[in-house]
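The structure under discussion appears below in the form of structure tokens.
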Amino acid sequence: MTPAPAPRRLPDLAVDVRTDDDHVGRLLDDVLAGLQDDGRHEPATAAEQVRIDLRDDGSYELTLDDSPAARHADPRVAVGAVVEHLNRRVLETTRDAVLVHAGAVELEGRGILVSAPSGSGKTTLTAALLARGAAYLTDETAVVDAATLQLRPYPKPLSVKASGHRLFDELGVPLQGTGPWLVPAGALGARTGAPCPVEVVVLPRRSDHDHLESLSRAQGLVELAKQAFPLGPTARERFLLLGRLAESARFVRADWTDPLATAERLLEDLDTAP
Amino acid sequence: MTPESADGPPRRSSSADWVVLDGQAAIHDRDGDHYHVLDTTATAVWLRLDGTAGLDEIAVGLAHDFGADLDRVRADTAHFVEGLRTRGLLEPTRREPAAPTWSRAPGSVWRDTARGTLVLADEPEPVLLRGGAVPLWALLDRPRPVELLASVLSEAAGVDVAEVEPGVRATLADLEGRGLVART
């Protein structure tokens, strides 16, 4: 049995993730590195426990709060199931916030939200922004604090699909085996960002060219609101809260084919914005 | 049919949440989870759709604010509002049904006497109205709602209207039963 690691910190929940297998332990440490206590908060007390145990038949058993949940032959798949479980618990437990289907990064206290339907390149563009110097807040599930309208960090591993493989090749980050891959932001040299207001909402769209275009706040709000998870506050509260966020944010439609070039232009745009 | 004719002044649907940003309304209709964005002109109409103003009043206001031709604004507004109704973004503002009014039956014949008001009716004997029924009868020279009748009588008697109104209703019901008053 490996020593119990510190609980993994989710936005409103601390989860103890354990294993009796050294290989799985290393995988977990790698993939969940962003969720380790960063010393900026009071030490967390785990409210829940997740275990992966190697069984006699060579399978990896996933146990959620003492209840066996699944068995997997591949330890990476078992680790992926843990990440999936943690993400589900974030959706279920995060309070006083609007959760948006979006990636998010921070640059010098200014937040960039990358929000779009699946397949539009959120993760790829988020990774490109990290590779170009932004700090990481989250991928796929952005947490907007209802009181402050700030982005709260939830530095889960990036969930990279096959369509994002080329970028990681280009950045020299190896992706082993078959996807999807869980990549900690640290692999891109990114640190975890601090809570910050949303300054730019990027609405990416895969294209055959790279083009940024400003959207009206009303149009941008509608696009952003479509990506809000129907959880937490009421639908009315979510919409009005995102409306308040939109009052001070800019919205950019990003048609892209080269994620790094688009990320550079977005960061330049942020630099030159008043 | 115009957007107003059936249902009174148009009013935004209570299922529509909306925010105005830089003069444009972003709308989320919780019924069906639909989103809409309005341009600045349409937003100016949207903001007036609070159920208090009819289409014509809205058009007059818009024509004034935008310095535009009233007939053109009237037509555009009607078209736009009809579109909102089609998309389920308006809810009907039902006009309150008019309160019933009461008056003496046509052809009534009566005479004031020392004992009260004597009214001839299609009954074997004339009906003698006494007490509070006398001033009530005097007020039934034209159609009036119960509330108004009770209010006037309570004022004259110096008592609370709530004390008077039940008696007024009962008397009117009795007179109606005798065919002496008509309800419209």
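The values are calculated or read from the model by the stated rules, or taken from the named source; none is laboratory data. Predicted model, so just to flag it, every value in this text is computed and none were measured. Counting neighbours? That spans all protein chains shown, and the Cβs are built from the backbone with ideal geometry, glycine included. Heads up: the accessible areas ignore ligands, DNA and RNA and are worked out on the full protein's heavy atoms, side chains in. Shrake-Rupley method; radii C 1.70, N 1.55, O 1.52, S 1.80 Å.
Here are a few things to note about the model shown:
- A straight Cα-to-Cα reach below 16 Å connects A:Lys156 with the aspartates and glutamates A:Asp12, A:Asp16, A:Asp29, A:Asp30, A:Asp37, A:Asp38, A:Glu84, A:Glu92, A:Glu106, A:Asp139, A:Glu140, residues fewer than 8 places away in its own chain not being considered.
- A straight line joining the Cα centroids of region A:69-119 and region A:206-241 runs 18 Å.
- Note on region A:1-150: along the principal axes its Cα atoms extend 49, 33, 25 Å, ordered by decreasing extent.
- When chain A is treated as a GNM with alpha-carbon contacts under 10 Å, the residue of A:Gly103, A:Gly193, A:Gly243 showing the greatest mean-square fluctuation is A:Gly243.
- When the convex hull of its Cα atoms is viewed from all sides, region A:161-250 shows a mean projected area of 8.2 nm².
- With N the number of residues in the protein assembly as shown, Rg(Cα) / (2.2 N^0.38 Å) evaluates to 1.56.
- When Rg and the Kirkwood Rh are both derived from Cα coordinates, the Rg/Rh ratio for chain A amounts to 0.97.
- Residue-wise HN-Hα coupling along region A:220-236, computed from phi with Karplus coefficients 6.51, -1.76, 1.60 (Hz; x: Gly, Pro): x, 4, 4, 5, 5, 4, 4, 9, 6, 5, x, 9, x, x, 5, 4, 5
- Ordered by solvent-accessible area of protein heavy atoms (1.4 Å probe), largest first, the residues A:Ser163, A:Ser115 come out as A:Ser163, A:Ser115.
- Candidate cross-link partners of A:Lys226 among the lysines, defined by an alpha-carbon separation under 18 Å and a same-chain spacing of 8 or more, comprise A:Lys122.
- Ordered from largest to smallest accessible area (heavy atoms of protein chains, 1.4 Å probe), the residues A:Phe229, B:Phe66 come out as B:Phe66, A:Phe229.
- For A:Glu170, solvent-accessible area (1.4 Å; no DNA, RNA or ligand), Å²: 120
- Modelled FRET efficiency - R0 51 Å, B:Asp22 with B:Ala156, Cβ distances, 0.05 increments: 0.30
- Sequence-ordered 3J(HN,Hα) estimates for region A:176-182 from the Karplus curve with 6.51, -1.76 and 1.60 and θ = phi - 60° stand at 7, x, 9, x, x, 10, 9 Hz, glycine and proline given as x.
- Of all DSSP beta bridges in the protein assembly as shown, antiparallel share, percent nearest 5: 80
- Per-residue ellipticity at 222 nm, computed for chain A from helices alone with -39500 (n - 2.57) per DSSP H run of at least four residues, works out to -9500 deg cm²/dmol.
- Residue-level accessible surface for A:Thr257, protein heavy atoms, 1.4 Å, Å²: 60
- Taking all protein chains together, B:Tyr35, A:Tyr136, A:Tyr60 sort by accessible area into B:Tyr35, A:Tyr60, A:Tyr136, largest first [probe 1.4 Å].
- Computed from Cα positions, the angle between helix B:70-86 and the longest principal axis of chain B comes to roughly 90 degrees.
- Pair-distance distribution P(r) for region B:55-157, from all Cα-Cα distances in 5 Å bins starting at 0: 2, 10, 13, 11, 10, 7, 5, 6, 8, 8, 7, 8, 5, 1, 0 percent.
- Angle of helix A:75-93 to the longest C-alpha principal axis of chain A, folded into 0 to 90 degrees and rounded to 10: 60°.
- Computed with a 1.4 angstrom probe on protein heavy atoms, the B-A interface buries about 1200 square angstrom of accessible area in total.
- Nearest-ten-degree value, helix B:161-177 long axis tilted from longest Cα axis of chain B: 70
- Solvent-accessible area of B:Ser108 with every protein chain in place, 1.4 Å probe, in Å² to the nearest 10: 30
- Taking amide hydrogens as placed 1.01 Å from N in the peptide plane, the amide H of B:Leu118 sits under 5 Å from those of B:Arg111, B:Asp112, B:Thr113, B:Leu129, each at least 5 positions away in sequence or on another chain.
- Normalised Debye scattering of region B:138-184 at q = 0.14, 0.24, 0.30 Å⁻¹ gives log10 I(q)/I(0) of -0.31, -0.86, -1.16, counting only Cα atoms as equal scatterers and leaving out solvent.
- Charge dipole (Cα centre; +1 on Lys/Arg Cβ, -1 on Asp/Glu Cβ; no other charges) of chain B amounts to roughly 680 debye.
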